[in-house]
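**Q** What follows is a structure written as C-alpha coordinates; I'll ask about it next.
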Amino acid sequence: MDRIRIVGGNVLHGTIPISGAKNAALPLMIASLLTDETLTLDNVPHLADVEQLIRILGNHGVDYMVNGRREGDGQSYARTIHFSAKNIVTTTAPYELVSKMRASFWVIGPLLARMGEAKVSLPGGCAIGTRPVDLFIEGLAKLGAEIDIDNGYVVTRARKGLVGNRFAFPKVSVGATHVLMMAAALAKGETVLENAAREPEIVNLADCLNAMGARISGAGTPTVTIEGVTALHGARHAVIPDRIETGTYAMAVAMTGGDVLLEGARADLLENALDVLVQAGAEITPTNSGIRVRRNGAGIAAVDVTTEPFPGFPTDLQAQFMGLMTKAKGKSRITETIFENRFMHVQELARLGAKISLAGQTAIVEGVPVLKGAPVMATDLRASVSLVIAGLAAEGETTVHRVYHLDRGFERLEEKLSHCGAVVERVSE
Ligand code: UD1
(Lines give C-alpha, C1' and ligand atoms only; values in the text may rest on other atoms or scores of the structure.)
Protein backbone atom coordinates (compact mmCIF):
# COMPACT_ATOMS: atom_id res chain seq x y z
CA MET A 1 0.00 0.00 0.00
CA ASP A 2 1.32 3.48 -0.87
CA ARG A 3 2.36 6.01 1.73
CA ILE A 4 3.26 9.68 1.51
CA ARG A 5 6.61 10.82 2.86
CA ILE A 6 6.97 14.46 3.83
CA VAL A 7 10.04 16.31 5.01
CA GLY A 8 8.72 19.40 6.73
CA GLY A 9 10.07 22.91 7.05
CA ASN A 10 9.84 24.33 3.53
CA VAL A 11 7.96 27.49 2.61
CA LEU A 12 5.54 27.11 -0.36
CA HIS A 13 6.00 29.30 -3.45
CA GLY A 14 4.43 29.03 -6.89
CA THR A 15 1.16 27.97 -8.49
CA ILE A 16 -1.21 25.15 -7.60
CA PRO A 17 -3.91 24.37 -10.19
CA ILE A 18 -7.26 23.67 -8.53
CA SER A 19 -9.10 20.62 -9.86
CA GLY A 20 -12.80 20.17 -10.52
CA ALA A 21 -14.76 19.50 -7.33
CA LYS A 22 -15.24 15.86 -6.41
CA ASN A 23 -18.47 16.69 -4.59
CA ALA A 24 -19.85 18.43 -7.67
CA ALA A 25 -18.63 15.84 -10.19
CA LEU A 26 -20.29 12.90 -8.40
CA PRO A 27 -23.92 14.18 -8.48
CA LEU A 28 -23.43 15.52 -12.02
CA MET A 29 -22.30 12.09 -13.18
CA ILE A 30 -25.32 10.52 -11.47
CA ALA A 31 -27.59 13.00 -13.28
CA SER A 32 -26.61 11.27 -16.54
CA LEU A 33 -29.03 8.48 -15.50
CA LEU A 34 -31.94 10.89 -16.02
CA THR A 35 -31.72 10.98 -19.83
CA ASP A 36 -31.20 8.61 -22.77
CA GLU A 37 -29.07 11.30 -24.44
CA THR A 38 -25.40 12.10 -23.80
CA LEU A 39 -24.35 14.28 -20.87
CA THR A 40 -20.89 15.74 -21.39
CA LEU A 41 -19.04 16.94 -18.30
CA ASP A 42 -15.95 19.13 -18.47
CA ASN A 43 -13.33 19.59 -15.74
CA VAL A 44 -13.90 16.16 -14.16
CA PRO A 45 -11.11 15.42 -11.66
CA HIS A 46 -9.16 12.18 -11.87
CA LEU A 47 -9.90 10.63 -8.48
CA ALA A 48 -10.56 7.19 -7.06
CA ASP A 49 -14.15 8.17 -6.16
CA VAL A 50 -14.85 9.28 -9.75
CA GLU A 51 -13.49 6.00 -11.12
CA GLN A 52 -15.58 4.06 -8.60
CA LEU A 53 -18.72 5.92 -9.62
CA ILE A 54 -17.96 5.22 -13.30
CA ARG A 55 -18.01 1.50 -12.38
CA ILE A 56 -21.27 1.90 -10.48
CA LEU A 57 -22.94 3.76 -13.36
CA GLY A 58 -21.56 1.12 -15.75
CA ASN A 59 -23.49 -1.49 -13.78
CA HIS A 60 -26.70 0.37 -14.68
CA GLY A 61 -25.73 0.47 -18.35
CA VAL A 62 -24.09 3.90 -18.61
CA ASP A 63 -21.43 4.09 -21.36
CA TYR A 64 -18.68 6.65 -21.03
CA MET A 65 -15.91 8.11 -23.15
CA VAL A 66 -13.01 10.19 -21.86
CA ASN A 67 -11.26 12.96 -23.77
CA GLY A 68 -7.96 13.63 -21.99
CA ARG A 69 -7.10 17.28 -22.16
CA ARG A 70 -4.01 19.08 -21.01
CA GLU A 71 -4.45 22.70 -20.10
CA GLY A 72 -2.36 25.82 -19.58
CA ASP A 73 1.19 25.14 -18.51
CA GLY A 74 0.68 21.40 -18.53
CA GLN A 75 0.07 21.12 -14.78
CA SER A 76 -3.67 20.84 -14.97
CA TYR A 77 -5.50 17.80 -16.30
CA ALA A 78 -9.19 18.51 -16.59
CA ARG A 79 -10.97 15.60 -18.21
CA THR A 80 -14.03 15.81 -20.38
CA ILE A 81 -16.21 12.73 -19.99
CA HIS A 82 -19.28 11.85 -22.07
CA PHE A 83 -21.88 9.77 -20.24
CA SER A 84 -24.66 8.00 -22.09
CA ALA A 85 -27.43 6.17 -20.25
CA LYS A 86 -29.27 5.19 -23.44
CA ASN A 87 -30.50 1.94 -21.95
CA ILE A 88 -30.75 1.34 -18.22
CA VAL A 89 -29.95 -2.36 -17.89
CA THR A 90 -30.64 -2.70 -14.17
CA THR A 91 -32.26 -0.58 -11.48
CA THR A 92 -30.44 -2.47 -8.72
CA ALA A 93 -27.30 -0.99 -7.17
CA PRO A 94 -25.64 -3.87 -5.28
CA TYR A 95 -23.98 -3.79 -1.88
CA GLU A 96 -20.53 -4.62 -3.32
CA LEU A 97 -20.56 -1.33 -5.26
CA VAL A 98 -22.56 1.05 -3.04
CA SER A 99 -20.74 0.09 0.15
CA LYS A 100 -17.49 1.49 -1.29
CA MET A 101 -18.82 5.04 -1.62
CA ARG A 102 -21.74 6.67 0.14
CA ALA A 103 -22.61 9.05 -2.70
CA SER A 104 -23.42 6.15 -5.01
CA PHE A 105 -26.63 5.72 -2.97
CA TRP A 106 -27.81 8.87 -4.78
CA VAL A 107 -28.55 6.84 -7.96
CA ILE A 108 -31.83 6.05 -6.18
CA GLY A 109 -33.30 9.44 -7.25
CA PRO A 110 -32.77 9.32 -11.02
CA LEU A 111 -33.44 5.57 -11.32
CA LEU A 112 -36.77 5.92 -9.52
CA ALA A 113 -37.75 9.01 -11.49
CA ARG A 114 -36.87 7.61 -14.91
CA MET A 115 -37.60 3.90 -14.49
CA GLY A 116 -40.32 3.94 -11.81
CA GLU A 117 -38.27 1.67 -9.53
CA ALA A 118 -34.91 1.31 -7.82
CA LYS A 119 -33.30 -1.12 -5.42
CA VAL A 120 -30.23 0.41 -3.84
CA SER A 121 -28.05 -1.00 -1.08
CA LEU A 122 -27.74 1.06 2.08
CA PRO A 123 -24.43 2.92 1.78
CA GLY A 124 -20.95 2.74 3.32
CA GLY A 125 -18.39 5.54 2.84
CA CYS A 126 -16.17 7.48 5.26
CA ALA A 127 -16.31 6.29 8.85
CA ILE A 128 -17.48 9.63 10.19
CA GLY A 129 -20.62 8.90 12.12
CA THR A 130 -23.79 7.00 11.39
CA ARG A 131 -24.87 8.95 8.27
CA PRO A 132 -28.42 7.62 7.94
CA VAL A 133 -30.67 7.89 4.85
CA ASP A 134 -33.96 8.79 6.56
CA LEU A 135 -34.19 12.18 4.81
CA PHE A 136 -33.93 10.57 1.36
CA ILE A 137 -36.67 8.12 2.27
CA GLU A 138 -38.99 10.76 3.74
CA GLY A 139 -38.47 13.05 0.77
CA LEU A 140 -39.00 10.40 -1.91
CA ALA A 141 -42.11 9.16 -0.07
CA LYS A 142 -43.47 12.73 -0.22
CA LEU A 143 -43.12 12.51 -4.00
CA GLY A 144 -45.33 9.41 -3.96
CA ALA A 145 -42.73 6.62 -3.89
CA GLU A 146 -43.49 3.37 -2.06
CA ILE A 147 -40.45 2.43 -0.01
CA ASP A 148 -39.38 -0.72 1.85
CA ILE A 149 -36.15 -1.70 3.51
CA ASP A 150 -35.36 -5.29 2.61
CA ASN A 151 -32.17 -7.20 3.47
CA GLY A 152 -29.98 -4.09 3.56
CA TYR A 153 -31.58 -2.62 0.43
CA VAL A 154 -33.89 0.33 -0.03
CA VAL A 155 -36.53 -0.91 -2.46
CA THR A 156 -38.65 1.81 -3.97
CA ARG A 157 -41.36 2.05 -6.62
CA ALA A 158 -43.46 4.69 -8.29
CA ARG A 159 -45.15 2.77 -11.10
CA LYS A 160 -47.23 5.71 -12.24
CA GLY A 161 -44.40 8.19 -11.82
CA LEU A 162 -43.51 10.60 -9.04
CA VAL A 163 -45.80 13.50 -8.18
CA GLY A 164 -44.56 16.94 -7.09
CA ASN A 165 -45.12 18.00 -3.48
CA ARG A 166 -43.81 20.27 -0.75
CA PHE A 167 -41.05 18.85 1.45
CA ALA A 168 -39.35 20.65 4.32
CA PHE A 169 -36.05 19.02 5.30
CA PRO A 170 -35.97 18.61 9.10
CA LYS A 171 -32.17 18.86 8.80
CA VAL A 172 -30.00 20.27 6.01
CA SER A 173 -28.59 17.49 3.82
CA VAL A 174 -26.48 17.97 0.72
CA GLY A 175 -27.07 14.46 -0.63
CA ALA A 176 -30.81 14.41 0.01
CA THR A 177 -31.15 17.82 -1.67
CA HIS A 178 -29.29 16.51 -4.75
CA VAL A 179 -31.47 13.41 -4.90
CA LEU A 180 -34.80 15.18 -4.44
CA MET A 181 -33.91 17.79 -7.08
CA MET A 182 -33.09 15.01 -9.54
CA ALA A 183 -36.20 13.00 -8.71
CA ALA A 184 -38.53 16.02 -8.79
CA ALA A 185 -37.12 17.13 -12.16
CA LEU A 186 -39.10 14.25 -13.76
CA ALA A 187 -42.13 14.31 -11.39
CA LYS A 188 -45.59 15.47 -12.40
CA GLY A 189 -46.20 19.05 -11.27
CA GLU A 190 -44.38 21.32 -8.87
CA THR A 191 -42.10 20.36 -5.98
CA VAL A 192 -40.98 22.85 -3.37
CA LEU A 193 -38.00 21.89 -1.18
CA GLU A 194 -37.66 23.91 1.99
CA ASN A 195 -34.58 24.11 4.20
CA ALA A 196 -32.61 22.76 1.22
CA ALA A 197 -28.80 22.65 1.28
CA ARG A 198 -27.27 25.77 -0.27
CA GLU A 199 -23.82 24.40 -1.14
CA PRO A 200 -22.28 25.54 -4.45
CA GLU A 201 -22.42 21.91 -5.61
CA ILE A 202 -26.23 22.10 -5.37
CA VAL A 203 -26.22 25.14 -7.65
CA ASN A 204 -23.84 23.38 -10.05
CA LEU A 205 -26.22 20.40 -10.27
CA ALA A 206 -29.31 22.59 -10.70
CA ASP A 207 -27.57 24.51 -13.52
CA CYS A 208 -26.73 21.22 -15.24
CA LEU A 209 -30.27 19.86 -14.82
CA ASN A 210 -31.66 23.10 -16.26
CA ALA A 211 -29.27 22.76 -19.23
CA MET A 212 -30.81 19.28 -19.66
CA GLY A 213 -34.29 20.79 -19.81
CA ALA A 214 -35.32 20.79 -16.14
CA ARG A 215 -37.11 23.78 -14.62
CA ILE A 216 -35.45 24.47 -11.28
CA SER A 217 -35.28 27.83 -9.54
CA GLY A 218 -33.94 28.95 -6.18
CA ALA A 219 -30.95 26.59 -5.98
CA GLY A 220 -28.43 28.15 -3.60
CA THR A 221 -31.24 29.47 -1.38
CA PRO A 222 -33.15 27.47 1.27
CA THR A 223 -36.22 27.15 -1.00
CA VAL A 224 -35.82 25.30 -4.29
CA THR A 225 -38.76 25.04 -6.68
CA ILE A 226 -38.84 22.34 -9.33
CA GLU A 227 -41.44 22.32 -12.10
CA GLY A 228 -41.45 18.71 -13.32
CA VAL A 229 -40.97 17.91 -17.03
CA THR A 230 -41.68 14.66 -18.91
CA ALA A 231 -38.13 14.07 -20.17
CA LEU A 232 -34.64 15.52 -19.98
CA HIS A 233 -32.16 15.74 -22.86
CA GLY A 234 -28.38 15.76 -23.27
CA ALA A 235 -26.22 18.78 -22.37
CA ARG A 236 -22.67 19.92 -21.83
CA HIS A 237 -21.72 21.26 -18.41
CA ALA A 238 -18.57 22.08 -16.42
CA VAL A 239 -17.72 20.92 -12.90
CA ILE A 240 -16.98 23.89 -10.60
CA PRO A 241 -13.52 24.24 -9.00
CA ASP A 242 -13.03 22.29 -5.78
CA ARG A 243 -13.56 24.66 -2.83
CA ILE A 244 -12.35 22.05 -0.35
CA GLU A 245 -9.11 21.50 -2.27
CA THR A 246 -8.78 25.30 -2.49
CA GLY A 247 -9.26 25.74 1.26
CA THR A 248 -6.88 22.87 1.98
CA TYR A 249 -3.99 24.37 0.00
CA ALA A 250 -4.76 27.83 1.37
CA MET A 251 -4.35 26.34 4.85
CA ALA A 252 -1.14 24.61 3.80
CA VAL A 253 0.30 27.99 2.75
CA ALA A 254 -0.94 29.64 5.95
CA MET A 255 0.83 26.85 7.83
CA THR A 256 4.21 26.93 6.07
CA GLY A 257 4.32 30.58 5.02
CA GLY A 258 5.03 31.59 1.44
CA ASP A 259 3.15 32.88 -1.58
CA VAL A 260 1.02 30.63 -3.79
CA LEU A 261 -1.53 31.26 -6.54
CA LEU A 262 -4.40 28.78 -6.34
CA GLU A 263 -5.10 28.77 -10.04
CA GLY A 264 -8.72 28.55 -11.14
CA ALA A 265 -10.02 28.82 -7.54
CA ARG A 266 -13.13 30.92 -6.88
CA ALA A 267 -13.30 33.00 -3.69
CA ASP A 268 -17.12 33.19 -3.84
CA LEU A 269 -17.28 29.42 -3.23
CA LEU A 270 -15.68 29.63 0.20
CA GLU A 271 -16.02 33.08 1.68
CA ASN A 272 -16.37 32.06 5.31
CA ALA A 273 -13.31 29.80 5.28
CA LEU A 274 -11.24 32.54 3.65
CA ASP A 275 -12.36 35.04 6.30
CA VAL A 276 -11.21 32.62 8.97
CA LEU A 277 -7.82 32.28 7.27
CA VAL A 278 -7.44 36.06 7.15
CA GLN A 279 -8.17 36.17 10.90
CA ALA A 280 -5.48 33.50 11.35
CA GLY A 281 -2.95 35.77 9.62
CA ALA A 282 -3.01 34.79 5.94
CA GLU A 283 -3.25 37.41 3.20
CA ILE A 284 -5.88 36.37 0.67
CA THR A 285 -6.22 38.17 -2.66
CA PRO A 286 -8.75 37.05 -5.26
CA THR A 287 -7.28 37.66 -8.74
CA ASN A 288 -8.48 37.10 -12.31
CA SER A 289 -6.75 33.76 -12.45
CA GLY A 290 -7.54 32.44 -8.98
CA ILE A 291 -6.78 33.20 -5.34
CA ARG A 292 -3.37 34.32 -4.12
CA VAL A 293 -2.49 33.22 -0.57
CA ARG A 294 0.44 34.63 1.36
CA ARG A 295 1.78 34.52 4.86
CA ASN A 296 5.06 36.18 5.53
CA GLY A 297 6.76 36.35 8.87
CA ALA A 298 3.93 36.79 11.36
CA GLY A 299 2.80 33.80 13.40
CA ILE A 300 -0.56 32.06 13.07
CA ALA A 301 -3.31 33.52 15.25
CA ALA A 302 -5.72 31.20 17.11
CA VAL A 303 -9.28 31.42 15.73
CA ASP A 304 -12.41 29.62 16.94
CA VAL A 305 -14.60 27.94 14.30
CA THR A 306 -17.86 26.00 14.24
CA THR A 307 -18.75 23.89 11.22
CA GLU A 308 -22.09 24.68 9.61
CA PRO A 309 -23.93 24.01 6.37
CA PHE A 310 -22.98 26.43 3.55
CA PRO A 311 -22.36 29.38 3.74
CA GLY A 312 -20.83 28.54 7.14
CA PHE A 313 -17.42 26.99 7.74
CA PRO A 314 -17.40 23.59 5.95
CA THR A 315 -17.03 20.38 7.91
CA ASP A 316 -14.80 19.16 5.07
CA LEU A 317 -12.19 21.75 6.11
CA GLN A 318 -12.43 21.15 9.84
CA ALA A 319 -9.56 18.65 10.06
CA GLN A 320 -7.26 20.78 7.91
CA PHE A 321 -8.03 23.85 10.00
CA MET A 322 -7.22 21.88 13.13
CA GLY A 323 -3.89 20.99 11.51
CA LEU A 324 -3.23 24.71 11.06
CA MET A 325 -4.28 25.60 14.61
CA THR A 326 -1.80 23.11 16.10
CA LYS A 327 0.88 25.77 15.50
CA ALA A 328 -1.19 28.86 16.33
CA LYS A 329 -0.30 31.29 19.10
CA GLY A 330 -2.79 30.43 21.82
CA LYS A 331 -5.92 28.30 22.15
CA SER A 332 -8.59 27.73 19.54
CA ARG A 333 -11.91 25.93 19.90
CA ILE A 334 -13.12 23.91 16.93
CA THR A 335 -16.71 22.69 17.12
CA GLU A 336 -18.09 20.06 14.74
CA THR A 337 -21.87 20.23 14.30
CA ILE A 338 -22.43 18.26 11.08
CA PHE A 339 -21.00 14.82 11.80
CA GLU A 340 -20.41 13.02 15.09
CA ASN A 341 -17.12 11.12 15.28
CA ARG A 342 -15.26 13.45 12.93
CA PHE A 343 -12.27 13.98 15.21
CA MET A 344 -10.29 10.87 14.34
CA HIS A 345 -7.38 13.02 13.19
CA VAL A 346 -6.89 14.30 16.77
CA GLN A 347 -4.91 11.32 18.00
CA GLU A 348 -2.79 11.29 14.84
CA LEU A 349 -2.03 15.03 15.09
CA ALA A 350 -1.03 14.34 18.69
CA ARG A 351 1.64 11.97 17.36
CA LEU A 352 3.26 15.01 15.75
CA GLY A 353 3.27 16.83 19.08
CA ALA A 354 -0.05 18.70 18.81
CA LYS A 355 -1.86 19.52 22.06
CA ILE A 356 -5.57 18.86 21.57
CA SER A 357 -8.24 17.93 24.08
CA LEU A 358 -11.81 16.94 23.31
CA ALA A 359 -14.94 18.09 25.10
CA GLY A 360 -17.91 16.52 23.34
CA GLN A 361 -18.14 17.94 19.85
CA THR A 362 -15.50 20.59 20.55
CA ALA A 363 -11.75 20.22 20.18
CA ILE A 364 -9.59 22.62 22.13
CA VAL A 365 -6.30 23.11 20.35
CA GLU A 366 -3.45 24.69 22.21
CA GLY A 367 -0.86 25.86 19.70
CA VAL A 368 2.69 24.60 20.11
CA PRO A 369 5.82 26.26 18.68
CA VAL A 370 7.20 23.08 17.15
CA LEU A 371 5.69 19.93 15.64
CA LYS A 372 7.91 16.91 15.10
CA GLY A 373 7.56 14.45 12.21
CA ALA A 374 6.28 10.92 12.91
CA PRO A 375 4.54 8.02 11.17
CA VAL A 376 0.77 8.65 11.14
CA MET A 377 -2.33 6.91 9.81
CA ALA A 378 -4.91 8.43 7.48
CA THR A 379 -8.39 7.64 8.81
CA ASP A 380 -10.67 9.38 6.35
CA LEU A 381 -10.42 11.62 3.35
CA ARG A 382 -10.22 15.06 4.97
CA ALA A 383 -8.48 13.85 8.12
CA SER A 384 -5.65 12.45 6.05
CA VAL A 385 -4.89 15.75 4.38
CA SER A 386 -4.77 17.50 7.76
CA LEU A 387 -1.84 15.23 8.57
CA VAL A 388 -0.14 16.32 5.36
CA ILE A 389 -0.58 19.98 6.32
CA ALA A 390 0.83 19.37 9.77
CA GLY A 391 3.67 17.31 8.27
CA LEU A 392 4.63 20.20 5.97
CA ALA A 393 5.35 22.35 9.02
CA ALA A 394 6.80 19.64 11.27
CA GLU A 395 10.50 19.22 11.87
CA GLY A 396 11.88 16.15 10.13
CA GLU A 397 10.04 13.33 8.41
CA THR A 398 6.34 12.45 8.53
CA THR A 399 4.96 9.37 6.80
CA VAL A 400 1.23 9.19 6.15
CA HIS A 401 -0.01 5.62 5.81
CA ARG A 402 -3.27 4.44 4.15
CA VAL A 403 -2.98 6.95 1.36
CA TYR A 404 -5.98 5.51 -0.50
CA HIS A 405 -8.11 7.92 1.55
CA LEU A 406 -6.24 10.85 -0.01
CA ASP A 407 -6.57 9.42 -3.51
CA ARG A 408 -10.36 9.44 -3.15
CA GLY A 409 -10.44 13.22 -3.10
CA PHE A 410 -7.12 14.93 -3.88
CA GLU A 411 -5.84 14.87 -7.43
CA ARG A 412 -2.02 14.58 -7.68
CA LEU A 413 -1.51 16.05 -4.21
CA GLU A 414 2.18 15.24 -3.90
CA GLU A 415 2.91 16.65 -7.38
CA LYS A 416 1.03 19.90 -6.69
CA LEU A 417 2.81 20.47 -3.38
CA SER A 418 6.27 19.52 -4.56
CA HIS A 419 5.98 21.95 -7.49
CA CYS A 420 5.76 24.67 -4.83
CA GLY A 421 8.89 23.59 -2.99
CA ALA A 422 7.54 21.08 -0.47
CA VAL A 423 9.33 17.77 -0.04
CA VAL A 424 6.47 15.33 -0.52
CA GLU A 425 6.70 12.02 -2.30
CA ARG A 426 4.67 8.87 -2.74
CA VAL A 427 6.42 5.69 -1.69
CA SER A 428 5.04 2.41 -2.98
CA GLU A 429 5.46 -0.60 -0.76
C1 UD1 B 1 -21.82 15.75 1.53
C2 UD1 B 1 -20.40 15.73 1.06
C3 UD1 B 1 -19.45 15.61 2.24
C4 UD1 B 1 -19.73 16.71 3.26
C5 UD1 B 1 -21.20 16.75 3.63
C6 UD1 B 1 -21.57 17.93 4.51
C7 UD1 B 1 -20.46 14.73 -1.13
C8 UD1 B 1 -20.12 13.58 -2.00
N9 UD1 B 1 -20.20 14.60 0.17
O10 UD1 B 1 -22.06 14.50 2.17
O11 UD1 B 1 -18.11 15.70 1.76
O12 UD1 B 1 -18.97 16.48 4.42
O13 UD1 B 1 -22.02 16.84 2.44
O14 UD1 B 1 -21.21 19.12 3.90
O15 UD1 B 1 -20.93 15.74 -1.59
N16 UD1 B 1 -28.23 13.02 7.50
C17 UD1 B 1 -29.28 12.42 8.12
N18 UD1 B 1 -30.18 11.73 7.34
C19 UD1 B 1 -30.05 11.64 5.98
C20 UD1 B 1 -28.97 12.29 5.36
C21 UD1 B 1 -28.08 12.98 6.15
O22 UD1 B 1 -29.42 12.47 9.34
O23 UD1 B 1 -30.90 11.01 5.36
C24 UD1 B 1 -27.26 13.77 8.34
C25 UD1 B 1 -25.84 13.24 8.23
O26 UD1 B 1 -25.64 12.12 9.06
C27 UD1 B 1 -25.05 14.44 8.66
C28 UD1 B 1 -25.87 15.62 8.10
O29 UD1 B 1 -27.17 15.09 7.87
O30 UD1 B 1 -25.01 14.53 10.06
C31 UD1 B 1 -25.34 16.22 6.83
O32 UD1 B 1 -25.11 15.21 5.89
P33 UD1 B 1 -25.22 15.44 4.34
O34 UD1 B 1 -25.27 16.90 4.05
O35 UD1 B 1 -26.32 14.59 3.82
O36 UD1 B 1 -23.83 14.84 3.84
P37 UD1 B 1 -23.56 14.05 2.49
O38 UD1 B 1 -24.45 14.54 1.42
O39 UD1 B 1 -23.48 12.61 2.77
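**Q** Rounded, prolate or oblate for the range 159-237? Axes are the square roots of the Cα gyration tensor eigenvalues, ordered a ≥ b ≥ c, and the cut-off for rounded is a/c under 1.5.
**A** Numbers: a/c = 1.97, a/b = 1.14, b/c = 1.73.
Oblate, since a/c reaches 1.5 and b/c is not below a/b.
**Q** A further question on this structure: Aspartates and glutamates within cross-link reach of LYS372: Cα-Cα under 19 Å, excluding same-chain residues under 8 positions apart?
**A** Those aspartates and glutamates meeting the cut-off are GLU348, GLU395, GLU397, GLU425.
**Q** May I ask you to compute the full-extension gain from TYR77 to MET1, defined as 0.36 nm times their residue separation minus their alpha-carbon distance, rounded to one decimal in nm?
**A** Computed gain between TYR77 and MET1 is 24.9 nm.
**Q** Give the peptides 267-280, 319-332 in descending order of average Cβ contacts within 10 Å, highest first.
**A** 319-332, 267-280
**Q** Where only protein heavy atoms count, and the probe is 1.4 Å, what is the accessible area per residue for the range 22-238 in Å²?
**A** That works out to 39 Å² for each residue.
**Q** Indicate the helices, whole DSSP H runs only, in the chain that combine a mean Kyte-Doolittle hydropathy of 1.6 or more with a Cα extent along their long axis of 18 angstrom or more.
**A** Values: long enough: 243-256 (20 Å, 0.44); 381-393 (20 Å, 1.78).
Both cut-offs are met by 381-393.
**Q** Let me ask another. For the chain, set up a Gaussian network in which alpha carbons nearer than 10 Å are linked by springs, and say which option among THR156, THR177, THR337 fluctuates the most.
**A** THR337
**Q** Roughly how big is the chain's charge dipole about its Cα centre, with Cβ charges of +1 (Lys, Arg) and -1 (Asp, Glu), in debye to the nearest 20?
**A** So the magnitude is around 220 debye.
**Q** Only bridges whose two residues both fall in the chain count here: according to DSSP, what percent of them are antiparallel, nearest 5?
**A** 70
**Q** Highest mean first, what order results for 14-25, 103-114 on Cβ atoms within 10 Å?
**A** Listed from highest to lowest mean packing, they are 103-114, 14-25.
**Q** A further question follows. What is the spin-label model distance, in nm, from ASP63 to GLU146 if the labels are put 7 Å beyond Cα along the C-beta direction?
**A** Inter-label distance under the simple model: 3.5 nm.
**Q** Farthest toward the dipole's positive end in the chain, which of GLY164, PRO123, VAL44, given Cβ charges of +1 (Lys, Arg) and -1 (Asp, Glu) about the Cα centre?
**A** The one lying farthest along the dipole's positive direction is PRO123.
**Q** For the chain, report the convex hull volume of the alpha-carbon atoms normalised per residue, in Å³, without decimals.
**A** Spelled out: Cα convex hull of the chain, divided by residues, is 125 Å³.
**Q** Given a 1.4 angstrom probe, I'd like the percentage of the accessible area of the range 22-238 that is carbon and sulfur, rounded to a whole number. Intermediate values should be presented prior to the final figure.
**A** On the way: 4030 of 8420 Å².
The nonpolar share, carbon plus sulfur, comes to 48 percent.
**Q** What is the extension gain from GLU415 to GLU96, computed as 0.36 nm multiplied by their sequence separation minus the C-alpha to C-alpha distance, in nm to one decimal?
**A** 111.6 nm
**Q** How much accessible area per residue does the range 299-338 have, in Å², with a 1.4 Å probe?
**A** I get 32 Å² per residue for the range 299-338.
**Q** Applying a 10 Å radius around every beta-carbon, put 183-189, 421-427 in order of their mean neighbour count, most first.
**A** So the order, starting with the most tightly packed, is 183-189, 421-427.
**Q** By a straight-distance test (C-alpha under 15 Å), which aspartates and glutamates pair with LYS188 as possible cross-link partners, with residues fewer than eight away in the same chain excluded?
**A** Cross-link targets: GLU227.
**Q** A follow-up question, please. Among the lysines, which fall within straight-line cross-link reach of LYS416, defined as a Cα-Cα distance under 18 Å, with same-chain neighbours fewer than 8 residues apart omitted?
**A** Hits, sequence-local ones excluded: LYS22.
The values are calculated or read from the model by the stated rules, or taken from the named source; none is laboratory data. These numbers were taken from a predicted model, which means no experiment stands behind them. Don't worry about glycine lacking a Cβ; one is built from the backbone with ideal geometry, like all the others, and counts go over all protein chains shown. When the accessible area is computed, the model is the full protein with side chains, heavy atoms only, and any ligands, DNA or RNA have been set aside. Shrake-Rupley method; radii C 1.70, N 1.55, O 1.52, S 1.80 Å.
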